[in-house]
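Here the structure comes first, spelled out in structure tokens, and everything after it is commentary.
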Amino acid sequence: MTNLPDDLSAEARDRVEEEAAQWLVRLSEAPDDAGLRAQLDLWRSASPLHEEIWVRTNRAYGLVGMAADARRRAQTGRDAGVRPGEDEPRLQKPAPPTRERPTRKSLARLSGIAAAVVLIVGIVAFRLPDTVVRMQADYATATAERRIVALDDGSRVHLAPLSAIDVSLTGGSRRIRLIEGQAYFDVVPESSRPFEVRAGEVVVTVLGTAFEVDYGKKGTTVAVTSGRVRVEDTTTPTPTNEELVSGDWIEVSATGARRGDASLDQIGDWVRGELIAYDRPIGEIVDDLRPYYDGAIIVWNHAFAEKRVSGLYDLADPEKTLRDLAASHNAVLWQVSPWLTIITAE
């Protein structure tokens, strides 16, 4: 496998994504500034990660711009009493609103919102297992793809969408590195070969059990279905060294660790293609749906995102889940383009 820089954490990628968005804003304000473009070229050439994220930044911004242009052209045709030609880009009809239909003015406002917000969220929402991650990983999944990896020792690893692992099995150890995303492990016991999972600085050690590890921006979460695991992290303000048994979970982040218990049907629910929510904010549910949705989802209302709900949702049809959530809480779902969905609520 190709050797790459070690500084490829979620925090490092977030920093580069923010820099790429800033470059895009600066170029939009001075598109003819040759000196500025020369500085951008230097930044892009400084790292393969810079170039990768710059390309995706432009793609995300361009897709939203295309959608807005298409909407304006279609609207102009209707105002003039002319039907758009077959070669005219057409937007998909939005889902029926749960209340009154927004006016043309509100549609134009939504397009403006999308163009502005995409600089912040577009890159993350459109993220696929990029080239850098694939070069590190033995196994990786794409948007809406789940995969079962059968290891040589008989253990099985279930990969959620947008996840990647590196596998190292030797005569004396079994080590898995979760590079990003979410994985569920069903481990065959071997007393002479401990099974170890590393996610960032968090190390999970087991002898034989089934458990889930979620490695994301907020930290690393470990939840146990059966058996016993040890979770360690010496980099937090208060070093973590905890044992978990069936039904336990722990979340380790830069600020420390917190633990609790969960219903066993919630742990690894995505392996069954389900999302089980008990009294959770809608914003968190939307976050869980993003890896299963091939596009960007923007929730344009903080109060709506904070509403707490319970339910069983089908991960195979995230669009229906979004539409049901909107309809149940007096919100409106608009598919601005095939790549961008916005949920608004008053």
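Any read-out appearing in this document is the output of simple, stated calculations on the displayed coordinates, not a laboratory observation. Computed from a predicted structure; not experimentally measured. Every residue, glycine among them, receives a Cβ derived from its backbone with ideal geometry; neighbour counts consider all protein chains shown.
When both segment 132-163 and segment 178-252 are represented by their alpha-carbon centers, they are found 17 Å apart. Shown for Y139, Y184: other C-beta atoms within 10 Å of each C-beta, ranked fewest to most, produce the order Y139, Y184. Using the average count of surrounding beta-carbon atoms within 10 Å as a protection proxy, the listed peptides 166-177, 276-287 rank, highest first, as 276-287, 166-177. Between S328 and T205, the distance separating the two model label sites (each 7 Å from Cα on the Cα→Cβ line) works out to 4.3 nm. In plain terms, the chain from S191 to K217 could stretch by 6.0 nm, reckoned as 0.36 nm per residue minus the Cα-Cα distance. The magnitude of the dipole of segment 273-345, with charges of +1 and -1 set on the Cβ of Lys/Arg and Asp/Glu and taken from the Cα centre, is near 240 debye.
Working from label points 7 Å from Cα in the Cα-to-Cβ sense, the H302 to Q266 distance is 2.5 nm. Between E242 and L36, what FRET efficiency follows from the Cβ-Cβ distance if R0 is 41 Å, with the result rounded to 0.05? About 0.25, to the nearest 0.05. Under 11 Å from a point 7 Å along the Cα-to-Cβ line of A144: which residues of segment 284-323 have their amide N that close? Answer for segment 284-323: 292-295, 316-320.
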